Amino acid sequence: MAANQRATVAEYRSVTGWNIAWRGVIRSGALQEQLEHLQAQLDMVIFQDSVDAWHWNFGTDGLFSVKSARSHIDLTTLPANNITVRWLKFLPRKVNVFLWRLLLNRLPTRWNLNARGVPLDNIMCAVCAAVPDQVSHLFFGCSIAMDLWEKVRRWCQIHIPIFSTLEEVWDWIDVHQGFSNHKVVLEVLIGSLLWIIWTYRNATIFGDGSYRRDMLFDNLTKFSFNWYTSRNRKANRNWNQWLMNPTMN
Ligand SMILES: [Zn+2]
C-alpha cells in the first residue's frame, strides 16, 4: 500500500507524526476506516532508538514459527463450538463442500468478505438488496429462501420449522423420530435447497440474467431427484412419486 515499501520506520516517522505516502488515494469506505484504525494504533507506539527489525508476536521468543502461526490462525478463525460436519453421500462433492463452508460460516458472502478486509461498495443481499448479505439472511430469511422453504413444506407435507442456521437444520433432522425412513431424503432435499439458493444468488451477481427465480423450485425437484437416485442403488423412488411427495414411499 505504501509508495515506498523499502523505507525504514524512522523515515516514515517525523517529529510531527507519521509521514507515509500511499500508492493510491484512499478516499472512503472500509480502507479509510482501516487507515484511521491503523493510525490510532500507531499513535500509541513508543519507539526505541535501534535498527528496524521484525518481531513475531505470536510466539514466546519473538521469532516466527509455523507452529505458532498455525495455532494463532486456529485460535482466531475456527469456531469455538464443536460443529460436526456431515458428509452426505447422496449429494455431489461440490454441494458437500458448500454445506461444509456454510456450516462454518466460510462462504464468500459480501458480509464475510467485508469482515475480512475486502473493500466493497455494497454489502447488501444480492437478491433483495434490503438486508446485509449474511448467510443467516440469504439461506433462511431472504424472500427467495422463505419462498423455497415454504414450497418444500407443502411438497413434503411436513411441518418444517423456521431455521436460522444449518446447524439447527441438522439438529432438527436428527432429533425428529418420525423421519427415520426418510431422513436421508430430507438431507438431500435441504442440501439441494441451500445449494440452489447459493447458485441463484451467484447468478444474480455474476450471471447474464437468464437464471430466473421461477426456475428455482423446478431445479430443486430435478437436482434432488437426480442426485438421490443416481448415487443410491437402493433408491426406491421414481420421478412421479418424487414429484408427488419425496418423503413418501
Ligand atoms: Zn435478501
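For the stretch 63-72, the criterion of being free of Cβ contacts under 8 Å to residues at least 24 places away in the same chain, within 16 Å of the ligand (Cβ to nearest atom) and not in a loop (DSSP other than H, G, I, E, B) is satisfied by no residue at all.
When residues in the stretch 164-187 are screened for being away from the ligand (no atom under 16 Å from the Cβ), exposed (fewer than 15 other Cβ atoms within 10 Å of the Cβ) and at pLDDT 90 or above, 2 of them pass. Here residue 218 passes the criteria (1) more than 15 Å from the ligand (Cβ to nearest atom); (2) surrounded by fewer than 20 Cβ atoms within 10 Å (Cβ to Cβ); (3) modelled with pLDDT under 95 except the one numbered (3).
Looking only at the stretch 23-55, which residues are in contact with a helix residue (DSSP H, G or I) (Cβ under 8 Å, 6 or more places away or on another chain) and closer than 27 Å to residue 119 by Cβ? Within the stretch 23-55, 26, 30 meet the criteria. Every condition in (1) part of a loop (DSSP other than H, G, I, E, B); (2) surrounded by 12 or more Cβ atoms within 10 Å (Cβ to Cβ) holds for residue 54 except the one numbered (2).
Entry remark, the stretch 134-160: residues being more than 14 Å from the ligand (Cβ to nearest atom) and touching a Ser or Thr at 6+ places or on another chain (Cβ under 7 Å) number 2 in total. In the stretch 128-163, which residue that is touching a residue at least 60 places away in the same chain (Cβ under 8 Å) and part of a loop (DSSP other than H, G, I, E, B) is surrounded by the most Cβ atoms within 10 Å (Cβ to Cβ)? Out of the qualifying residues, it is 158. Only residues that are over 22 Å from residue 169 (Cα atoms), under 24 Å from the mean Cα position of the chain (by Cα) and in contact (Cβ under 8 Å) with a residue 12 or more places away in the chain were counted across the stretch 212-234, and they come to 1. Taking (1) under 21 Å from residue 224 (Cβ atoms); (2) within 16 Å of the ligand (Cβ to nearest atom) in turn, residue 122 satisfies each apart from (1). Count of the stretch 223-249 residues, restricted to those that are assigned to a helix (DSSP H, G or I) and surrounded by 15 or more Cβ atoms within 10 Å (Cβ to Cβ), is 7. Within the stretch 11-22, if we keep just the residues that are of a type in the set (A, V, I, L, M, F, W, C) and surrounded by 12 or more Cβ atoms within 10 Å (Cβ to Cβ), the residue that is farthest from residue 117 (Cα to Cα) turns out to be 18. Counting the residues of the stretch 87-103 that are touching a helix residue (DSSP H, G or I) at 6+ places or on another chain (Cβ under 9 Å) and surrounded by fewer than 16 Cβ atoms within 10 Å (Cβ to Cβ) gives 3.
Scanning the stretch 36-51 for residues being in a helix (DSSP H, G or I) and either without any contact (Cβ under 8 Å) to a residue 12 or more places away in the chain or more than 21 Å from residue 12 (Cβ to Cβ) (or both) gives a total of 5. Scanning the stretch 113-127 for residues that are buried (at least 17 other Cβ atoms within 10 Å of the Cβ) and of a type outside the set (A, V, I, L, M), we see that the one that is modelled with the lowest pLDDT is 114. Taken over the stretch 42-68, the criterion of being polar (S, T, N, Q) and within 21 Å of residue 6 (Cα to Cα) is satisfied by 48, 50.
The values are calculated or read from the model by the stated rules, or taken from the named source; none is laboratory data. Keep in mind the model is a prediction, meaning the values are calculated, not measured. Because the Cβ atoms are built from the backbone with ideal geometry, glycine has one as well, and the counts that use them run over all protein chains shown.
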